[in-house]
Ligand SMILES: [Zn+2]
Ligand SMILES: [Zn+2]
C-alpha cells in the first residue's frame, strides 16, 4: 500500500505545491483522493501512469479539489477506451461532471460510473474482496465528504504450527486462508491454530472541513490520517469563518481518534514554511509530519 502526495496546497497552486490530491496504490487499484488542477503533470513527475487510476474520491466541488478531473478523464479516454473509471463525490457530482464533459470537445471513450454520496453519518459505500471504503459528512462551505480506505483483515498461515503438525503445502490450506477449518488425511486442522489474523491497514482523508465529531469517528485508529491544516492556530478565527481547520484542530482529531500517524496538508499559500505548524500540532499529538508534493509513504 503506497501513498503519494500529488498536491498539498489550498486554493491556488504555488511554486512548491499543487492543489489537493493524494494517490493511493493498493493491489491493482489506483485511488485518487481529489484531483486538483495539474494532477496529470504531477503524476508524470511521480511516474504514475494516468491509466492506473481506477477510482476518484471527490471531497467537494471547490475548484482546488476538482480542477484536474476533466483533463484526466480526457487522457484516460484517449489511452484506454475500454476502461471504467469510478467517481464518487457529494450530492451534485453527476451534474457537475455532466457540465464538465459538455465544456470541451473530445471523444469520451472511458465509461464513467458516478456515485453520489449523501451520508448522514459514517457509511460503507463500497465493499470489494480486500477492502472497503467509508464516507462521512463534513462541515464546509460546500457539501463535503471525508473518506476512509480500510483494508480487510486477512489470515496468514502459521507456518511453524503447520511444520510442527507435519502438514505439508497443498490445496487443503486454501480453506484455512478463507477462515474455515481445514482437513488433512482425515484429520481436522483448526483455523484458529493454523493461521493468524493480520490486521488490515486504514487510511483516512479529511479536507475541507471544520472540526466535527464525524472526523474522530471516521479517522478512528487509522494508520495514516491525512488532514487539512489550512491555517496556523493563531488564525483560528479565520479558519472558522472559512470553515477550515488549523494544525491544532487536525492534531486534536488525531489524538481523539487514536491514529498512528498524522500528515498535515492543504496549506494556505501564505505559509512559505510549515514546520511551525508541525511544532504546534505536536503539542496535541506527537507523530505528525507536514506533507509536501511527491512525498511517498509506504504502509
Ligand atoms: Zn480546499
Ligand atoms: Zn473547500
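Results, tabulated for the structure shown:
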| quantity | calculated |
| --- | --- |
| Number of the condition not met by residue 65 [criteria: (1) under 17 Å from the mean Cα position of the chain (by Cα); (2) assigned to a helix (DSSP H, G or I); (3) more than 16 Å from ligand 2 (Cβ to nearest atom)] | (3) |
| Any hit, region 237-246, residues being over 17 Å from residue 144 (Cα atoms) and either touching a strand residue (DSSP E or B) at 6+ places or on another chain (Cβ under 8 Å) or within 16 Å of ligand 2 (Cβ to nearest atom) (or both) | yes |
| Residue check, residue 121 touching a strand residue (DSSP E or B) at 6+ places or on another chain (Cβ under 8 Å), at pLDDT 95 or above and outside any strand (DSSP E or B) | yes |
| Test for residue 89: is it crowded, with 16+ Cβ neighbours inside 10 Å and under 18 Å from residue 37 (Cα atoms) | yes |
| Among the residues listed as 66, 3, 56, 12, the single one being under 20 Å from residue 290 (Cβ atoms) and either surrounded by 24 or more Cβ atoms within 10 Å (Cβ to Cβ) or more than 16 Å from ligand 1 (Cβ to nearest atom) (or both) | 3 |
| Options 255, 261, 221: the member that is away from ligand 1 (no atom under 16 Å from the Cβ) and either modelled with pLDDT under 95 or at positive phi (or both) | 221 |
| Wholly enclosed strands (runs of 3 or more DSSP E) of region 239-299 bearing at least 1 residues free of Cβ contacts under 8 Å to residues at least 40 places away in the same chain | 261-265, 288-290 |
| Test: residue in region 266-283 that is farther than 20 Å from residue 14 by Cβ, modelled with pLDDT of 95 or more and touching a strand residue (DSSP E or B) at 6+ places or on another chain (Cβ under 7 Å) | yes |
| Residues located in region 137-175, provided they are part of a loop (DSSP other than H, G, I, E, B) and either under 30 Å from residue 242 (Cα atoms) or within 16 Å of ligand 1 (Cβ to nearest atom) (or both) | 138, 139, 140, 141, 142, 143, 144 |
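The values are calculated or read from the model by the stated rules, or taken from the named source; none is laboratory data. Please read these numbers as outputs of a predicted model, since none were measured by experiment. Cβ: placed from backbone, ideal geometry, glycine included. Neighbour counts: every protein chain shown.
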